[in-house]
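Chemist: Shown below is the structure under consideration.
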Amino acid sequence: MRAHPAVGDCLLALSLLSIDLLVLLTQATDRHRQPWYVALPLDVAMVAPVAFRRKYPQVTAYVILVLTVPHSALQLGIGSATASCIALYTMVVYVGRRQAALYVVAQLAVAVLQMWAHWAPGGWITLIIIVLIFALCWVLGEFVGARQAYHAEVEARLHLLETERDQAGRIAVAEERGRIARELHDVVAHAVSVIVVQADGASYALRSDPAVAERAVRTISDTGRQALAELRRLLQVLRNEEVTGEPRIPQPTAESLTDLAERVRTAGVPVELSIDGEMTGLPAGVSLGVYRIVQESLTNTLKHAGPGARAQVRVRRTENLVDVEIVDDGAGKARALVPAPDLPGGNGLIGMRERAHLFGGILQAGPCPAGGWRVHATFPVRLDP
């Protein structure tokens with residue numbers, strides 16, 4: 001019924017028509033009853049507008065008001081009274097108080113004129129009952145209208161909150177990607193500088209020391225390939241707008257994790273750092289991504305883990321992967337790890353996810369089963385150009 005309210009209105013109209021038909025049948029032996037070819041069409045015309053009351057509430061109400069006059073005068077049943085009450089309720093809910101007030105005045109005027117034309121003892125009591133019924137319909141319409149307005153406001157606010165949350169997430173992603181792009185700009189600039197220096201050295205040593213020249217050329221080749229891969233990722237991340245005015249400084253790498261751990265220890269969180277394998281020779285973007293993920297994770301430990309928390313950082317390099325795991329024993333609810341796309345909330349997690357995905361890695365973050373928080377990321381050692 002909620003999905004298709006017109007179905008309910010049609011059933012309501014059929015119910016009213018059935019009641020009027022029963023009244024018509026009970027008057028079969030009454031010599032004052034109206035002919036069926038007069039009563040039946042008027043009954044149908046009286047209740048048919050009820051089926052369209054939500055789509056055309058004002059038109060429906062005044063059609064019912066006009067048909068009430070002959071229907072009541074011929075005493076064809078309670079369909080006119082019931083349809084009038086439904087019309088008043090519909091006006092209050094779907095049109096507004098001002099139009100509903102004009103409509104109820106018109107209804108009362110019609111009722112008074114009909115009672116004046118066919119006045120009988122106890123007419124004032126009947127009029128009072130009609131007024132009370134109309135008042136009840138008005139109050140019911142006010143209640144339902146207020147509830148519908150409240151639900152509409154709640155839905156609008158929920159939609160606005162969802163939109164703001166999505167926009168905040170997109171802004172955070174854009175800011176993080178812009179930051180990554182600026183860092184990669186420095187990486188590529190460094191690689192190009194190395195190529196230029198090695199090329200100059202190779203040109204000087206080409207005749208006097210061919211072995212040195214050969215090593216310089218190999219260095220140029222390796223550095224060029226690595227810079228080309230980084231540059232392609234840079235072009236994917238960059239947007240049309242350039243961020244200017246920020247200083248260009250050397251960016252940290254995975255080899256700087258020891259200094260990072262020492263700074264966090266100085267800030268008050270004991271950090272146990274374990275590095276398995278050489279961190280040299282990693283692609284510059286991957287090395288920077290490892291550093292930033294560890295940095296963001298330890299920063300979150302400082303902010304959210306609470307007093308007395310400890311952190312463990314384990315970085316392991318294999319032939320094809322760099323595995324990074326940061327675990328703390330601070331405050332946290334035990335639950336299963338969630339994949340990065342379903343992470344709740346913070347821009348720090350969004351930034352870590354973007355870094356991991358940018359370089360073909362995977363990120364997981366969430367509470368540990370025994371308490372605390374765990375961040376786990378893997379990066380490929382080599383980037384496909």
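The values are calculated or read from the model by the stated rules, or taken from the named source; none is laboratory data. Predicted model, so just to flag it, every value in this text is computed and none were measured. Note that each Cβ is placed from the backbone with ideal geometry, even for glycine, and that neighbours are counted across all protein chains shown. Each accessible area value is taken on the protein alone, full model and side chains, heavy atoms only, with ligands, DNA and RNA left out. Shrake-Rupley method; radii C 1.70, N 1.55, O 1.52, S 1.80 Å.
Chemist: Tally up the residues in segment 128-165 that are open to solvent by 70 Å² or more (accessible area, probe 1.4 Å) and not basic (K, R), please.
Modeler: Residues that pass the stated criteria total 19.
Chemist: Can you tell me which residue is modelled with the highest pLDDT among those in segment 58-81 that are of a type outside the set (A, V, I, L, M) and either touching a Pro at 6+ places or on another chain (Cβ under 7 Å) or buried (at least 20 other Cβ atoms within 10 Å of the Cβ) (or both)?
Modeler: T60
Chemist: I've got another one for you. Could you check segment 260-302 and list, in sequence order, the residues that are open to solvent by 50 Å² or more (accessible area, probe 1.4 Å), assigned to a helix (DSSP H, G or I) and more than 20 Å from L363 (Cα to Cα)?
Modeler: Passing the criteria: E262, R263, R265, T266, A267, L302.
Chemist: Hey, another quick one. Before we move on, is N320 modelled with pLDDT of 80 or more and open to solvent by less than 70 Å² (accessible area, probe 1.4 Å)?
Modeler: Spelling it out, it is not the case that N320 is modelled with pLDDT of 80 or more and open to solvent by less than 70 Å² (accessible area, probe 1.4 Å).
Chemist: Still on this model: Out of all the residues in segment 213-222, is one or more at pLDDT 70 or above, more than 50 Å from the chain's Cα centre (by Cα), among the hydrophobic types (A, V, I, L, M, F, W, C) and open to solvent by 60 Å² or more (accessible area, probe 1.4 Å)?
Modeler: yes
Chemist: Something else: Being of a type in the set (D, E, K, R) and at pLDDT below 85 is the filter; apply it to segment 263-286 and report the residue that is farthest from A309 (Cα to Cα).
Modeler: Taking the candidates together, the pick is R263.
Chemist: What's the number of the only condition in (1) modelled with pLDDT under 85; (2) open to solvent by 50 Å² or more (accessible area, probe 1.4 Å) that G122 fails to meet?
Modeler: Of the numbered conditions (1) modelled with pLDDT under 85; (2) open to solvent by 50 Å² or more (accessible area, probe 1.4 Å), the odd one out for G122 is (2).
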